[in-house]
Amino acid sequence: MSTTQEPAFDWSQASSLLGDDPNAVDPEMATIARELVEDADRQFQSLKALNPETDRKTISSQAHGLRGCLLNFGFTEVGTILLQVEKGPYESSDYLNRINQAESVFVTSKKLLAARYPSIGLA
C-alpha cells in the first residue's frame, strides 16, 4: 500500500465508468459494480482453494481474469499483486500469502470505492 496506508486506486478509471457524481451513479453501472465486487469475493475463495503445485495454469488464468475486471474499475494495487500471482515466479509456499494480500487490499479498496461512490450501494 502507499505511504498514506490506502491502496493505490485509479479514480479516473473508476469515474470513467461510474461518472463524476458519486451520488448519482447510473443504476445499471451500479449493478455491474456490485456484481463485480461479489464475483471478486467468490474468485478469491476459488483461488485460495487451488494448489500452486498442480494448478499453476488455472491459477494464472483466474488471476488474469480477475485482475482485468478489477483494473477496469480502478483497483490498481490489487491488479499489481494479481499480476505477480499470474506471472510468478514465486514459491508454492508463498502462494496463499500472495492471495491473502491481494484479497486484503481488495477489501480495503472496495471500502474506499463504497465511501467515494455511496450510490453504488456496496455493503
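At-a-glance table
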read-out	value
Restricting the range 52-68 to residues that are surrounded by fewer than 17 Cβ atoms within 10 Å (Cβ to Cβ) and not polar (S, T, N, Q), the residue that is nearest to the chain's Cα centre (by Cα)	GLY68
Filter result for the condition that a residue is open to solvent by less than 60 Å² (accessible area, probe 1.4 Å), over 19 Å from GLY88 (Cα atoms) and part of a loop (DSSP other than H, G, I, E, B), over ALA8, ALA40, ALA14, ALA30	ALA8
Candidate set from the range 73-123 (those that are within 30 Å of ASP20 (Cα to Cα) and of a type in the set (Lys, Arg)); member that is least open to solvent (accessible area, probe 1.4 Å)	LYS110
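The values are calculated or read from the model by the stated rules, or taken from the named source; none is laboratory data. Here the structure is a predicted model, which is why all the values come from computation and not from measurement. Neighbour counts are summed over all protein chains in view; Cβ atoms, including those assigned to glycine, are modelled from backbone coordinates with ideal geometry. Accessible surface areas use protein heavy atoms only, side chains included; no ligands, DNA or RNA. Shrake-Rupley method; radii C 1.70, N 1.55, O 1.52, S 1.80 Å.
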